[in-house]
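One structure is given below, encoded as structure tokens.
The values are calculated or read from the model by the stated rules, or taken from the named source; none is laboratory data. Only a predicted model underlies this, so the values are computations on that prediction, with no experimental measurement involved. Cβ sites come from the backbone with ideal geometry, for glycine too, and all protein chains shown count toward neighbours. Remember, those area values only see protein heavy atoms, side chains included, never the ligands or the DNA or RNA. Shrake-Rupley method; radii C 1.70, N 1.55, O 1.52, S 1.80 Å.
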Amino acid sequence: MRHLLSTEGLDAATATSVLDTADTLKQTLLGREVKKLPTLRGRTVVTLFYENSTRTRVSFEVAGKWMSADVINVSASSSSVGKGESLRDTALTLAAAGADCVIIRHPASGAAHRLAGWLDGVGSQVVNAGDGMHEHPTQALLDAATLRERLGELAGRRIAIVGDLLHSRVARSNVHLLRTLGAEVVLVAPPTLVPTGAEQWGAEVRHELDPELPKLDAVMVLRVQAERMHGGFFPSAREYSIAYGLNQARLDKLPEHAVVLHPGPMLRGMEIAPAVADSPRAAITQQVSNGVHVRMAVLYHLLAGEELGA
Amino acid sequence: MASRRAADAADPVEQRELLSTGDVARTIARIAHQIIEKTALDTGSSDVVLLGIPTRGAPLARRLAAKISEFSGVTVPTGALDITLYRDDLRKRPNRPLEPTDLPVSGIDDALVVLVDDVLFSGRTVRAALDALRDQGRPRAVQLAVLVDRGHRELPIRADYVGKNIPTSRSEDVAVQLAESDGQDRVVLRRGKEA
């Protein structure tokens, strides 16, 4: 792996290898008082966040620190970006200052790819930590890690992704990865929140949630992305909740073994009922802790191997 | 690690068998006797834990434990200690998959840990193992058992139990094959390859 920019095109062998590494790292660190490995000592990892985020940034920071990398956090609001510096100049400055890996979150789809193009020449690596409405590959990997833990192999499993597909990078990354790993994916959303061409992602598209429930092995509930919406996608939060919210009655229709995931942050009471979010069938906190191990695995695959021609 | 590569039947490189299946079994039995004697294991006065270094050290540790149990009646806690994350040459090699670390539930604190590996070469694997061990607990003492010592040490490390000393040149390659991973037990020396 040179960069991790998307799950589209990530082959099954590489994805499985990252998930296996994450599993082993989790076992290695289990019950240890000092969760620190010397593996990436001397490497510098920069998180460059143009959007606010708690869990993703903290998760990458913890992952880097547990691998002994030096982690530097740059947020756009407190850097030269605020003075009008371009993404390219910011990135080249970070690389010139010795960043081996830049983890970027950006509101524009494709920003991580552009960054990778600029940094290829100077040997720094790029991890996409969410670019606009495009992809969020480490979220998909941690979702897959959590599903593997709860369900075993993913091949042949049927997984629904429910909610705001239009604005969701998590949905896109998950569809690609889950299909690569052999799962069947069904997308459930109101027609206004289904992106054009979603049928070509290789997943079924449905507009009603209830008939799907008894056939599912897992439900991924997406957040309704109010900050990316400009009105008119659905009549009201209450109506959305009635049609698509995962409440106790819907949880009861799922098979006994089915798992509930949510990438967070959750809008409790709207897209997911508090009782469902807190039920043992929900793997939401497990997703967060797996996030650290998956990101450690990604950093290991990118930074620990043979030095690539810089 | 080059010295761990399993021999390939189609490989045209010249190779010579150093230890046959029977030799491997006798060597393991001898090391088991030496461990019992040196650690006074059968007197009940020591607390020995065997930790194999994956890939081939792990089955070797299990076999040693079985032999020790057969000879002395003492069951020795056995585990595996992966050292990949502690290597100092990670940037010089292609990425390697991690192997599981599996310590006995009794832990390693105050125990006499015997690290087990197939080949002792530069000593860097053992150095990494000592670092990995330190993160897992504080053994009373650490010893090292290897099936083959081929020399070329780069660090001041020596084994407590050696199955066979095999002086080699750096261009040779010592391949330990075990039934668990390679279908048969034997040790071969391959010439003409950069180790």
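Residue-by-condition table, conditions (1) open to solvent by 30 Å² or more (accessible area, probe 1.4 Å); (2) of a type in the set (S, T, N, Q); (3) out of contact with any Leu (no Cβ under 6 Å at 6 or more places or on another chain):
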{"site": "A:W66", "(1), (2), (3)": "yes, no, yes"}
{"site": "A:S80", "(1), (2), (3)": "yes, yes, yes"}
{"site": "A:G84", "(1), (2), (3)": "yes, no, yes"}
{"site": "A:L92", "(1), (2), (3)": "yes, no, yes"}
{"site": "A:A97", "(1), (2), (3)": "yes, no, yes"}
{"site": "A:I103", "(1), (2), (3)": "no, no, yes"}
Among the candidates A:V81, A:V58, A:V34, which residue alone is touching a strand residue (DSSP E or B) at 6+ places or on another chain (Cβ under 9 Å) and either part of a helix (DSSP H, G or I) or aliphatic (A, V, I, L, M) (or both)? A:V81
When restricted to A:T16, A:T47, the only residue in contact (Cβ under 8 Å) with a residue 12 or more places away in the chain and either within 9 Å of chain B (Cβ to nearest Cβ) or surrounded by fewer than 21 Cβ atoms within 10 Å (Cβ to Cβ) (or both) is A:T16
When you scan segment A:146-236 for strands (runs of 3 or more DSSP E) that lie fully inside it, which ones turn up with 1 or more residues that are small (G, A, S) and touching a residue at least 24 places away in the same chain (Cβ under 8 Å)? A:158-162, A:218-221
Helices (runs of 4 or more DSSP H) lying entirely in segment A:245-310 (those with 3 or more residues that are open to solvent by 60 Å² or more (accessible area, probe 1.4 Å)): A:248-253
Kindly indicate whether A:T146 is under 25 Å from A:T56 (Cα atoms), touching a helix residue (DSSP H, G or I) at 6+ places or on another chain (Cβ under 7 Å) and open to solvent by less than 10 Å² (accessible area, probe 1.4 Å). yes
Number of the exception - B:S3 against (1) out of contact with any Lys or Arg (no Cβ under 9 Å at 6 or more places or on another chain); (2) modelled with pLDDT under 95: (1)
Checked segment B:71-128 for anything free of Cβ contacts under 8 Å to residues at least 24 places away in the same chain, over 22 Å from B:V49 (Cβ atoms) and charged (D, E, K, R); matches are B:R91, B:K92, B:R93, B:R96
Hey, among the residues in segment B:82-110 that are touching an Asp or Glu at 6+ places or on another chain (Cβ under 9 Å) and more than 10 Å from chain A (Cβ to nearest Cβ), which one's least open to solvent (accessible area, probe 1.4 Å)? B:I83
I'd like the residue in segment A:176-230 that is touching a Ser or Thr at 6+ places or on another chain (Cβ under 9 Å) and of a type in the set (S, T, N, Q) and, out of all such residues, is modelled with the highest pLDDT. A:T180
Here are the criteria: (1) under 19 Å from the mean Cα position of the chain (by Cα); (2) charged (D, E, K, R); (3) closer than 30 Å to A:G64 by Cα; (4) not assigned by the TED database to the domain that holds A:A22. Tell me which single one A:D278 does not satisfy. (1)
What is the residue count in segment A:30-85 for residues that are more than 23 Å from A:P263 (Cα to Cα), modelled with pLDDT of 90 or more and either in contact with a Lys or Arg (Cβ under 6 Å, 6 or more places away or on another chain) or hydroxyl-bearing (S, T, Y) (or both)? 5
Considering only segment B:156-165, I want to know if a residue exists there that is in contact (Cβ under 8 Å) with a residue 12 or more places away in the chain, within 14 Å of chain A (Cβ to nearest Cβ) and open to solvent by 40 Å² or more (accessible area, probe 1.4 Å). no
Select from segment B:114-144 the residues that are under 21 Å from B:S169 (Cβ atoms) and part of a loop (DSSP other than H, G, I, E, B) and write down the one among them that is farthest from the chain's Cα centre (by Cα). B:S122
